[in-house]
Amino acid sequence: MGGRDEPGGGPGRGRRHWRLPPPGWRRVVALRRAAAGLLALVAVGLLAAPGVVPAGTPVLVAARDLAPGVALGPADVVVRALPGDVVPAGALADPAAVAGRQVVGGVRTGEALTDVRLLGPAAAVAAAGVPDAAGVPVRLADAGVAALLAPGTRVDLVGAADARAGGPAEDPRPVVLASGAVVLAVLPAPDRTAGAAPVVVVALPAELAARVATASLREEVTVTLR
């Protein structure tokens, strides 16, 4: 009764009643097919271009741990692509531009190299805090003193001079040539110079830098630690 198909009944025996799919099912199926097609296109693109380099900014980084004063060579640096938001100011990218230059302080493997990490005007300005700063190489009177110095150490540079105009040269008194110099690097003495003291490079304002450079040509210079 009621038009239902009963087992063993008349015409239409054994038919099952199917429920209609929920509204919107066609849209869901279409979206799934579109997503699958997009993923397939991406996979094909990756297979067609296996050598694609990830986007980023090329930056020089240390290929190994570098000791203070090391002169950079081809095995010391490598170019890597870094995201733009993590690239430091003054980052370097050309290996040829840093060949032979000394690092200021120690550098860890993977550390990005910037202009202030290499011995030069930028490092001197950053260390001294004045725009006209310069680096001055000084060979100390006592080689043992250089072992007490490290990049960032503040020192006073001291020379010897007559206390009285026209006085005897054998009665010199110490004169402070410059105060508050910042050590940039301690460079080893050349192998060909037996017994020579290491060269200490300090950052000073231009006027004091010229004074120290002139004094170091005619007299021995030493430092006092601050």
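The values are calculated or read from the model by the stated rules, or taken from the named source; none is laboratory data. Everything numeric here is computed off the predicted structure, so don't read it as measured data. Don't worry about glycine lacking a Cβ; one is built from the backbone with ideal geometry, like all the others, and counts go over all protein chains shown. Calculation scope for accessible area: heavy atoms of the full protein, side chains included, ligands and nucleic acids excluded. Shrake-Rupley method; radii C 1.70, N 1.55, O 1.52, S 1.80 Å.
Reported count of residues in the range 94-116, each being open to solvent by less than 50 Å² (accessible area, probe 1.4 Å) and either outside any strand (DSSP E or B) or among the small types (Gly, Ala, Ser) (or both), is 8. Taken together, the residues in the range 126-163 that are of a type in the set (Gly, Ala, Ser), open to solvent by less than 50 Å² (accessible area, probe 1.4 Å), within 21 Å of residue 68 (Cβ to Cβ) and over 24 Å from the mean Cα position of the chain (by Cα) amount to 3. Of the residues making up the range 59-79, those that are touching a Leu at 6+ places or on another chain (Cβ under 8 Å) and at pLDDT 90 or above are 59, 60, 61, 62, 66, 72, 76, 77, 78, 79.
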